[in-house]
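Visitor: Provided herewith is a single structure, encoded as structure tokens, for subsequent inquiry.
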Amino acid sequence: MGADPISRYGVSIKITREIGTLPISEKEGFMMSEKRYSDLSVSELQQEIAVLTDKARKAERLGMVNEYAVLERKATMAKAYLLNPADFKAGGLYEIEGAPGEYFKVQYLNGVFAWGFRLNGNKEEEALPISLLKEIK
């Protein structure tokens, strides 16, 4: 065997260190590296949503279904931070965006999540980002 175990171990350590030094934005391809959505300004959130939406479109075109779903969820979460939770009321009934005819009854809010249950569902409590809730007119 040409290389001894120590040489191979040294190479793997070097690779790990090089990858470990990359900022998250380069590893995952996202604009924001270590900030939480709650710490971003409105313009930073809008920029992040645009980047995520663009990446989701590319993933969809390439047939990367799982990647597309993850990016869409991240964009939905970022959109939730652009909304004011005070605009959503406990006891309120909202239509679920992307699910026509499905309604969500809000029991309480915790940050940008509305906790409650689907009217047509099994009445189990669940949390939805407020960006998925549309006011019924």
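None of the figures in this text is laboratory data; all of them are computed from the coordinates on show. Quantities reported herein were computed from a predicted structural model and do not represent experimental measurements. Cβ coordinates were reconstructed from backbone atoms using ideal geometry, including for glycine residues, and neighbour counts include every protein chain displayed.
Visitor: Using a Förster distance of 22 angstrom, determine the FRET efficiency expected from the C-beta separation of Arg36 and Ala86, and round it to 0.05.
Guide: E between Arg36 and Ala86, to the nearest 0.05, is 0.65.
Visitor: Could you give the dipole magnitude of segment 29-82 about its Cα centre, charging the beta-carbon of Lys and Arg +1 and that of Asp and Glu -1, in debye to the nearest 20?
Guide: For this selection, approximately 120 debye.
Visitor: If you stretched the chain out fully between Leu93 and Asp54, how much longer would it get, using 0.36 nm times the residue separation minus the C-alpha to C-alpha distance?
Guide: Difference between extended and current length: 10.9 nm.
Visitor: Could you state the principal axis extents of the C-alpha atoms in segment 29-82, from the largest down, to the nearest angstrom?
Guide: 32, 19, 16
Visitor: In addition: If each residue of separation counts as 0.36 nm, what is the full-extension length gain between Glu135 and Glu102 once their alpha-carbon separation is subtracted?
Guide: Taking Glu135 through Glu102 to full extension adds about 10.7 nm, to one decimal.
Visitor: What percentage of all Cα-Cα pairs in segment 85-135 are separated by more than 19 Å?
Guide: Result: 11 percent of Cα pairs exceed 19 Å.
Visitor: If I model a spin label at Glu124 and Asn110 as a point 7 Å from the Cα along the Cα→Cβ vector, what separation in nanometres do I get?
Guide: In this crude spin-label approximation the distance works out to 1.6 nm.
Visitor: What nm value, rounded to one decimal, do you get for the distance between Ser43 and Val65 when each label is placed 7 Å out toward the C-beta?
Guide: 4.1
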